[in-house]
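Just below is one structure, and these are the notes that go with it.
Coordinate-derived values only; no laboratory data. What you see is a predicted model; the values in this text were computed from it and never measured. Virtual Cβ from ideal backbone geometry, glycine too; neighbours counted across all protein chains shown.
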Ligand code: PAF
């Protein structure tokens, strides 16, 4: 595995690969890698000849009171993880290589960011879209893979690529879960054992939503209320930010559940903000949304 820090080196290498006829897949990450990232690398491998990963803890997507400083950065373990997962090229830029001191262009989205995490994390998606635009411009991959756990982010990036006429196809890979259902996240390591137990309320709420849908319940408000009640079992230290049913395409709330409705929850447990979601009828809408 080759490791690069400079954008120009990566761009040169990936251009050469493409000229030689190789398909390039890209998995951007912020490190603290776990099996969920491993599954993204596997999807990337299935769609390309060469897999590139990046590790960059992007400062512009963290709010002032968020966890930028304490975000885990186990670089040696992450590099070993990538090598073992068959990543061909690892790109680890320094902050100054991504953001020149006079950096002044930001990517702002005006519709899909209005709901879900948008109002709770002002500026977050502007930071994500800005850095992902930079990374896609540097790597210029044929395919980029994002996890469904961050469904709003994944949908925004699909829209970014469409609206800015980028060359990359954005695939959304399934959420990877611990055996008890907890969606894998680098932030799970912040949870105490009690908090981790309480965190299961998120996946249990979503499972209930899926079950009700399978039983024919279509009323979004009714299903969200039942899911909210399950989230509320996460204990006194839990704050529910949202329990929503939205259309996966527009991320706007729906009245009636259909295939392609995203059920999404966000609960803060202690100091840790957890999100999770499911797409109803995922297999039936997979092709429409590049869900793999
Ligand atoms: O999902 C993440 O890890 C980050 O938001 C991303 C896409 C790598 C951008 O910094």
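Okay, here's what the table says:
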read-out: Some residue of segment 92-114 being in contact (Cβ under 8 Å) with a residue 60 or more places away in the chain, in contact with a helix residue (DSSP H, G or I) (Cβ under 9 Å, 6 or more places away or on another chain), more than 13 Å from the ligand (Cβ to nearest atom) and within 23 Å of residue 244 (Cβ to Cβ); value: yes
read-out: So residue 189, is it in a helix (DSSP H, G or I), within 16 Å of the ligand (Cβ to nearest atom) and either without any contact (Cβ under 8 Å) to a residue 60 or more places away in the chain or buried (at least 19 other Cβ atoms within 10 Å of the Cβ) (or both); value: no
read-out: Qualifying positions in segment 140-151 - surrounded by 23 or more Cβ atoms within 10 Å (Cβ to Cβ) and more than 10 Å from the ligand (Cβ to nearest atom); value: 141, 145, 148, 151
read-out: Selection count where residues are surrounded by 13 or more Cβ atoms within 10 Å (Cβ to Cβ) and within 16 Å of residue 41 (Cβ to Cβ), scope segment 78-98; value: 14
read-out: Cross-chain or 6+ apart pairs with Cβ under 7 Å, segment 70-85 first and closer than 20 Å to residue 190 by Cα, then in a helix (DSSP H, G or I); value: 72/186; 72/189
read-out: Selection status of residue 75, within 28 Å of residue 274 (Cα to Cα) and touching a helix residue (DSSP H, G or I) at 6+ places or on another chain (Cβ under 8 Å); value: no
read-out: Per-region count, segment 24-68, residues within 13 Å of the ligand (Cβ to nearest atom) and either assigned to a helix (DSSP H, G or I) or within 16 Å of the chain's Cα centre (by Cα) (or both); value: 22
read-out: Cβ-Cβ under 7 Å pairs, at least 6 apart or on other chains, segment 54-69 side more than 18 Å from residue 10 (Cβ to Cβ) and in contact (Cβ under 8 Å) with a residue 12 or more places away in the chain, far side more than 8 Å from the ligand (Cβ to nearest atom) and part of a loop (DSSP other than H, G, I, E, B); value: 59/68; 62/68; 63/121; 63/122; 63/123
read-out: Residue within segment 154-168 that is surrounded by fewer than 21 Cβ atoms within 10 Å (Cβ to Cβ), more than 28 Å from residue 47 (Cα to Cα) and more than 14 Å from the ligand (Cβ to nearest atom) present; value: no
